[in-house]
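**Q** First the structure, which I've put down as structure tokens, then a few questions once you've had a look.
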Amino acid sequence: MKTVVHNELHFGGRSLLRENAYTRLLLQRLRRHESMPAEQLQELGRQYLYRSLQRAVRLPAYRALGRDFAAHEAEQVLRAFPLVDKMTLLRAPELYYPHGGRRLPWQSVGKTSGTTGTPLSVVRSCQSVLMEQAFIRRHWAWAGFGPGLTRATLRGDMVADVAQTRPPFWFWNRYERQLLLSARHLSEPYIDAIMARLAQARPYLLQAYPSTAYTLALYLAKRGRRLPIPYVFTASEPMYPHQRELILDRFGCRIMDMYGMAERVAFATECEYGALHVNPDYGHVEIVDERGRPTADVGFVVGTSYHNLAMPLVRYRLSDRTRWKPGRCACGRAFPMIEPVSGKFEDAITGSDGQAVSPSVLTFAFKGVEHIDKSQVAQVGAAQWEIRLVPDVRFSELDREKLLRNVRQLVDAHVAVRVVLTSELPNTAMGKFRWVVNEMR
Ligand SMILES: [Zn+2]
């Protein structure tokens, strides 16, 4: 009962903030950008960039750059800003945080998940919080989703106590027609109850992490079942081919992936035609090589926030890697395209020759291997991997042999592999899961 009351207040309150006349107006405005030609979008971006940079030069780190520049010079001025990253901010908060790091009562604070190290806090303005929602809703609109339709959410939200063993493992947020499911209860004893509730809700859209949607799809596959949901919106983790394949198969859906981060400096959304579009009205995006120079090859994503004037992050380097994709998309939007964003650079793992091994290649190791509930591939030393498995009851020595044979034949013939069986592979505090991890450093 306590949880239900808490949920009503928490999600009800959040809905009031997210769904009102003002946020609808923001969404309408954003939707107009979709039909703008490239030059007009560039001009719009320039205006946003100018506004952010004018605010940034008030921070101690950038004061020396001065405020004496005009809107048409914004891109040129941007080049004078050095690249910064999470460590830069953690080491010298007094230079990069507004008001010497003191939060004002109307500002909120966002935290990075800290999956690859220390979490970072970012001060957010109210406006930026509302804008974020508008951008997410614009992406949903690409799937024809809007008010009156039902969505289900299977992410990190705490909707039921972890210790709870009886339904409900969900909460019906009537303010938004949203069924929130507890990702912490995605396991054998509770899964049938969760599936039944989800089927009853008949959502138009499922919001999930790739790993939670995949886990649900695995349980459906185990039961020989399919659960039709028109659209699955994924975000917050890289999506691997084996996950995409099974999600498509079990939900008969279209997947619309989204790339964003707690620092909110860049945002890319997958369209109806499967292209990942950088949203040019969200932030200024660059792709740079190891030395920080622009590259047409695979490089690091660097973003500058447009909408968080409380704490503008300028040329903020992320550890995500991707590449520009030239050409135009059949969807008609003049939003630039990028290739799918790979996992965190820190989590890349290397093979016996010291070269990085793509996670897509790693999935070959699991080809035709059955009886596994969950897996993780970790680099534990130079040319040494550990493949961790949560086996189901039918897992046998044959499955293990097949896995090892696949690694030798399809992935890397010389890397040392140890298969470790375990009863649990924990998620992060936010309920996310890292399928590939590098534990060598
Ligand atoms: Zn497109």
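**Q** Output the qualifying pairs, or none if there are none: Cβ atoms under 8 angstrom, residues six or more apart or on different chains, first residue in region 309-334 and over 30 Å from Pro93 (Cα atoms), second residue among the charged types (D, E, K, R) and surrounded by 17 or more Cβ atoms within 10 Å (Cβ to Cβ).
**A** Qualifying pairs under 8 Å: Arg333/Glu34.
**Q** A further question follows. Need a quick list: helices (runs of 4 or more DSSP H) entirely within region 1-83 having at least 1 residues that are in contact (Cβ under 8 Å) with a residue 40 or more places away in the chain, touching an Asp or Glu at 6+ places or on another chain (Cβ under 8 Å) and within 23 Å of Arg124 (Cβ to Cβ).
**A** The helices (runs of 4 or more DSSP H) meeting that bar are 2-18, 21-33, 38-56.
**Q** Residue by residue through region 134-170, note down the ones that are closer than 19 Å to Thr215 by Cβ, among the polar types (S, T, N, Q) and touching a helix residue (DSSP H, G or I) at 6+ places or on another chain (Cβ under 8 Å).
**A** Gln164, Thr165
**Q** Is it true that Val390 is within 21 Å of Gln243 (Cα to Cα), out of contact with any Asp or Glu (no Cβ under 7 Å at 6 or more places or on another chain) and β-branched (Val, Ile, Thr)?
**A** So Val390 fails the test.
**Q** When you check Gly327 against the structure, is it out of contact with any helix residue (DSSP H, G or I) (no Cβ under 6 Å at 6 or more places or on another chain), at positive phi and not in a helix (DSSP H, G or I), yes or no?
**A** yes
**Q** For region 279-298, give me each residue that is within 16 Å of the ligand (Cβ to nearest atom) and either surrounded by 24 or more Cβ atoms within 10 Å (Cβ to Cβ) or acidic (Asp, Glu) (or both).
**A** If the condition is that a residue be within 16 Å of the ligand (Cβ to nearest atom) and either surrounded by 24 or more Cβ atoms within 10 Å (Cβ to Cβ) or acidic (Asp, Glu) (or both), then Asn279, Asp281, Tyr282 are the ones that fit.
**Q** Among residues belonging to region 332-346 that are of a type in the set (D, E, K, R) and within 15 Å of the chain's Cα centre (by Cα), point out the one that is nearest to the ligand (Cβ to nearest atom).
**A** Here the residue is Glu339.
**Q** Here is a list of conditions, (1) in contact with a Phe, Trp or Tyr (Cβ under 6 Å, 6 or more places away or on another chain); (2) more than 16 Å from the ligand (Cβ to nearest atom); (3) closer than 21 Å to Ser358 by Cβ, and Pro210 meets all of them except one; can you say which number that is?
**A** With respect to (1) in contact with a Phe, Trp or Tyr (Cβ under 6 Å, 6 or more places away or on another chain); (2) more than 16 Å from the ligand (Cβ to nearest atom); (3) closer than 21 Å to Ser358 by Cβ, Pro210 is out only on (1).
**Q** I would also like to ask the following. In region 221-276, which residues are closer than 15 Å to Ser342 by Cα, within 16 Å of the ligand (Cβ to nearest atom) and not small (Gly, Ala, Ser)?
**A** Asp257, Met258, Tyr259, Phe267, Thr269, Glu270, Leu276
**Q** Filter the strands (runs of 3 or more DSSP E) completely within region 349-429 down to those with at least 3 residues that are of a type in the set (Val, Ile, Thr), outside the structural domain of Tyr240 (by TED's automatic domain parsing) and modelled with pLDDT of 85 or more.
**A** Working: elements: 372-381, 384-391, 416-421.
So the answer is 372-381, 416-421.
**Q** Something else about it: Can you pull out every residue in region 354-379 that is touching a residue at least 40 places away in the same chain (Cβ under 8 Å) and farther than 20 Å from Pro340 by Cα?
**A** Correct list: Ala365, Phe366, Lys367, Asp373, Lys374, Ser375, Gln376, Val377, Ala378, Gln379.
**Q** Another question about this same structure. Within the set of pairs 6 or more residues apart or between chains, which connect a residue that is on the phi < 0 side of the Ramachandran plot inside region 273-285 to a residue that is assigned to a strand (DSSP E or B) and more than 13 Å from the ligand (Cβ to nearest atom) with Cβ atoms less than 6 Å apart?
**A** Note: pairs meeting the criteria are Val278/Val285; Gly283/Gly303; Gly283/Thr304; Gly283/Ser305; His284/Thr304; Val285/Gly303.
**Q** Could you tell me whether region 170-193 includes any residue that is in contact with a His (Cβ under 7 Å, 6 or more places away or on another chain) and crowded, with 21+ Cβ neighbours inside 10 Å?
**A** no
**Q** Within region 136-143, does at least one residue satisfy the condition of being farther than 30 Å from Arg51 by Cβ, in the same structural domain as Arg244 (by TED's automatic domain parsing) and out of contact with any His (no Cβ under 9 Å at 6 or more places or on another chain)?
**A** There is at least one residue in region 136-143 that is farther than 30 Å from Arg51 by Cβ, in the same structural domain as Arg244 (by TED's automatic domain parsing) and out of contact with any His (no Cβ under 9 Å at 6 or more places or on another chain).
**Q** Is it fair to say Leu218 is away from the ligand (no atom under 16 Å from the Cβ), assigned to a loop (DSSP other than H, G, I, E, B) and in contact (Cβ under 8 Å) with a residue 40 or more places away in the chain?
**A** In short, no.
Table: residues versus (1) surrounded by fewer than 18 Cβ atoms within 10 Å (Cβ to Cβ); (2) in contact with a Ser or Thr (Cβ under 9 Å, 6 or more places away or on another chain).
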residue: Phe300; (1), (2): no, yes
residue: Ala310; (1), (2): no, yes
residue: Arg328; (1), (2): yes, no
residue: Arg333; (1), (2): no, yes
residue: Ser342; (1), (2): no, yes
residue: Glu346; (1), (2): yes, yes
residue: Gly354; (1), (2): yes, no
residue: Gly368; (1), (2): yes, no
residue: Lys374; (1), (2): no, yes
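Condition check ((1) among the aliphatic types (A, V, I, L, M); (2) away from the ligand (no atom under 16 Å from the Cβ); (3) within 30 Å of Arg124 (Cα to Cα)) across all residues:
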site	(1), (2), (3)
Trp324	no, no, yes
Ser358	no, yes, no
Gly381	no, yes, no
Glu386	no, yes, no
Leu398	yes, yes, no
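The values are calculated or read from the model by the stated rules, or taken from the named source; none is laboratory data. Quantities reported herein were computed from a predicted structural model and do not represent experimental measurements. Using ideal geometry, Cβ is built from the backbone for each residue, glycine included, and neighbour counts are taken over all protein chains shown.
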